[in-house]
Amino acid sequence: MREKLVAVMSNKKKLFIKTYGCQMNVYDSERMAEALGTSGYDPVGTPEEADMILLNTCHIREKAAEKIYSELGRYRPLKDAKPDLKIGVAGCVAQAEGAEIMQRQPMVDLVVGPQTYHRLPEMMKQVDAGQKALDTDFPEEDKFDHLPKRDLPKRGPSAFLTVQEGCDKFCAFCVVPYTRGAEVSRSPGRILREAQDLVERGVREINLLGQNVNAYQNDDWGLTQLIWALNDIDGLERIRFTTSHPNDMTDDLIEAHGSCEKLMPYLHLPVQSGSDKVLKGMNRQHTAEQYIRLIERFRDARPDILISGDFIVGFPGEEDVDHQATMDLIREVNYGQAYSFKYSARPGTPAAERAFVAAEVADVRLQELQALITQQQRALQEAMVGQKVKVLIEKKGRLQGQMIGKSQHLHAVHVAEPAIGGALNIGDIYSVGIIKSETNSLGGEVIHT
Ligand code: SAH
Ligand code: SF4
Ligand code: F3S
């Protein structure tokens, strides 16, 4: 019996996936691991142990894309030591560069785009036969129809669930419409089944993902209908969604923030710039004023909502006055969180043809902007001290007797386990009194009620 078990185990091949980029890639990596599970692969935590290494890549900025080639270079000694080692590149660099990747780095065996990874088992047969495999189609069929059911046992309490993919907006700086294709929304029936399945496996919080998640539309279901249906699932405690676009915002979605119990008070709504001239150059199709009014409506519906955003500095044509307009918008909105980037010219996008802002100028603007955001973020965190928040426990902390979870506002909270009343359970929600604010987290103690 024992020998048989060992034999079975040694038949299993080992898969290491490294994920770059956005949350959708995190979701895709899980689904790719499941797809490759059917080809006999089990996930492992380091490339050294692996029979197959898969990089799930991001093309959004030049640095992100170039990182892939330096990472591949690092696998050279592994491949020399184990010539059977298979190396694959998935995700948005795969979609954008295709066969070029194999030309630049011949040890790559497989290149697969974000819309075709359900074909991985077939592609692996080709690779196992010693051939190269490349698939960057935008196929007619829906990959979700062909992926294995998500039947892994227990999992962590917070999960991503992709509901919408692709983008029709064509912001002048962005590669996503080219790497992810046109906007497509999955059927509500399938999404709800997947959500139910996740809940049965221990998930308490679902974060609905889409490149433009609030553009979700399938028959007469919009994102709001989906959220209300999820609200009815017993055992699911929290609903989040990301990333939204200002132009796809609907009245019912705004209202749901005031009335839907499980919908969390957090909104990630990128604006990119506070200057109408720059917004026009970016093809964002809205003004700074329209964005600010939208935020006001969310705050009317849910006064404590935490606003998060994305910003690009140094977009072609951005002058000092434009940058100041962005700073003014940030002061007006007051962000609890934001991601900010220096503009990176991406081949094939309209803005890449335009005259750049000098790198030194963009650097100074980025620092200024980040300093303001940090100040706002800190002030909002400080204001939580003395308040009671609900924390969904996700994992053990580094210190003995400490657990880490998320508040409704997505603040990471370090929670001290109570001296009496026993250990805290992962997946449970506790009332926590906040006693301190640190750089990127809050600290507190469980309040017994
Ligand atoms: N769909 C989302 C986010 C897409 S990418 C949206 O519309 O907002 C995530 C963020 O990366 C963007 O919001 C933008 O701030 C940044 N980004 C995209 N392309 C970029 C580029 N070429 N240079 C710098 N930052 C970029
Ligand atoms: Fe990119 Fe704009 Fe689409 Fe967002 S909305 S993914 S920034 S093109
Ligand atoms: Fe990057 Fe592709 Fe996401 S380019 S940000 S991984 S959609």
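The values are calculated or read from the model by the stated rules, or taken from the named source; none is laboratory data. All figures in this text were calculated on a predicted structure; none of them were measured in a lab. Because the Cβ atoms are built from the backbone with ideal geometry, glycine has one as well, and the counts that use them run over all protein chains shown. SASA here: full protein model, heavy atoms, side chains in, ligands and nucleic acids out. Shrake-Rupley method; radii C 1.70, N 1.55, O 1.52, S 1.80 Å.
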Val271 fails exactly one of (1) out of contact with any helix residue (DSSP H, G or I) (no Cβ under 9 Å at 6 or more places or on another chain); (2) open to solvent by less than 10 Å² (accessible area, probe 1.4 Å); (3) within 16 Å of ligand 2 (Cβ to nearest atom), namely (1)
Given the conditions (1) farther than 21 Å from Ser437 by Cβ; (2) out of contact with any Lys or Arg (no Cβ under 7 Å at 6 or more places or on another chain), every one holds for Leu366 apart from (2)
Please find, among Leu424, Leu380, Leu369, the residue that is assigned to a loop (DSSP other than H, G, I, E, B), surrounded by 14 or more Cβ atoms within 10 Å (Cβ to Cβ) and in contact (Cβ under 8 Å) with a residue 12 or more places away in the chain.
-> Leu424
Would you mind stating whether Val278 is open to solvent by less than 30 Å² (accessible area, probe 1.4 Å), within 16 Å of ligand 1 (Cβ to nearest atom), closer than 30 Å to Ile435 by Cα and in contact with a Gly (Cβ under 8 Å, 6 or more places away or on another chain)?
-> no
Within the stretch 249-263, identify whether any single residue is within 16 Å of ligand 2 (Cβ to nearest atom) and either more than 23 Å from Leu410 (Cα to Cα) or not in a helix (DSSP H, G or I) (or both), and answer yes or no.
-> yes
Any residue at all in the stretch 339-352 that is more than 16 Å from ligand 2 (Cβ to nearest atom) and either within 26 Å of Val93 (Cα to Cα) or not assigned by TED's automatic domain parsing to the domain that holds Phe241 (or both)?
-> no
Would you check if Leu369 is in contact with a helix residue (DSSP H, G or I) (Cβ under 9 Å, 6 or more places away or on another chain), within 30 Å of Asn334 (Cβ to Cβ) and not basic (Lys, Arg)?
-> yes
Val364 fails exactly one of the following numbered conditions: (1) farther than 24 Å from Arg155 by Cβ; (2) in contact (Cβ under 8 Å) with a residue 24 or more places away in the chain; (3) hydrophobic (A, V, I, L, M, F, W, C). What is the number of that condition?
-> (2)
Take the residues of the stretch 427-438 that are of a type in the set (Val, Ile, Thr) and touching a Ser or Thr at 6+ places or on another chain (Cβ under 9 Å): which is surrounded by the most Cβ atoms within 10 Å (Cβ to Cβ)?
-> Val432
Considering only helices (runs of 4 or more DSSP H) fully contained in the stretch 140-232, which possess at least 2 residues that are open to solvent by less than 10 Å² (accessible area, probe 1.4 Å) and within 16 Å of ligand 2 (Cβ to nearest atom)?
-> 176-180
Those residues of the stretch 70-90 which are within 16 Å of ligand 3 (Cβ to nearest atom), out of contact with any Gly (no Cβ under 9 Å at 6 or more places or on another chain) and closer than 19 Å to Lys132 by Cα amount to Gly88, Val89
Condition broken by Gln290, with the remaining ones in (1) polar (S, T, N, Q); (2) within 16 Å of ligand 2 (Cβ to nearest atom); (3) open to solvent by less than 30 Å² (accessible area, probe 1.4 Å) satisfied = (3)
Please verify whether the stretch 163-174 includes one or more residues that are within 16 Å of ligand 1 (Cβ to nearest atom) and either on the phi > 0 side of the Ramachandran plot or free of Cβ contacts under 8 Å to residues at least 12 places away in the same chain (or both).
-> yes
Just a yes or no: is a residue in the stretch 397-410 outside the structural domain of Ser158 (by TED's automatic domain parsing), under 17 Å from Glu237 (Cβ atoms), basic (Lys, Arg) and in a strand (DSSP E or B)?
-> yes
Among Phe315, Phe356, Phe341, which is part of a strand (DSSP E or B) and farther than 26 Å from Gln408 by Cα?
-> Phe341
Working carefully through the options Val203, Val213, find the one that is within 18 Å of the chain's Cα centre (by Cα) and away from ligand 1 (no atom under 13 Å from the Cβ).
-> Val203
The residue that is farthest from Glu237 (Cα to Cα), considering only those in the stretch 427-449 that are charged (D, E, K, R) and assigned to a strand (DSSP E or B), is Lys436
Any chance the stretch 309-316 includes a residue that's open to solvent by 10 Å² or more (accessible area, probe 1.4 Å), away from ligand 3 (no atom under 16 Å from the Cβ) and touching a helix residue (DSSP H, G or I) at 6+ places or on another chain (Cβ under 9 Å)?
-> yes
Does Thr242 meet the test of being within 16 Å of ligand 2 (Cβ to nearest atom), in contact with a His (Cβ under 6 Å, 6 or more places away or on another chain) and open to solvent by less than 10 Å² (accessible area, probe 1.4 Å)?
-> no
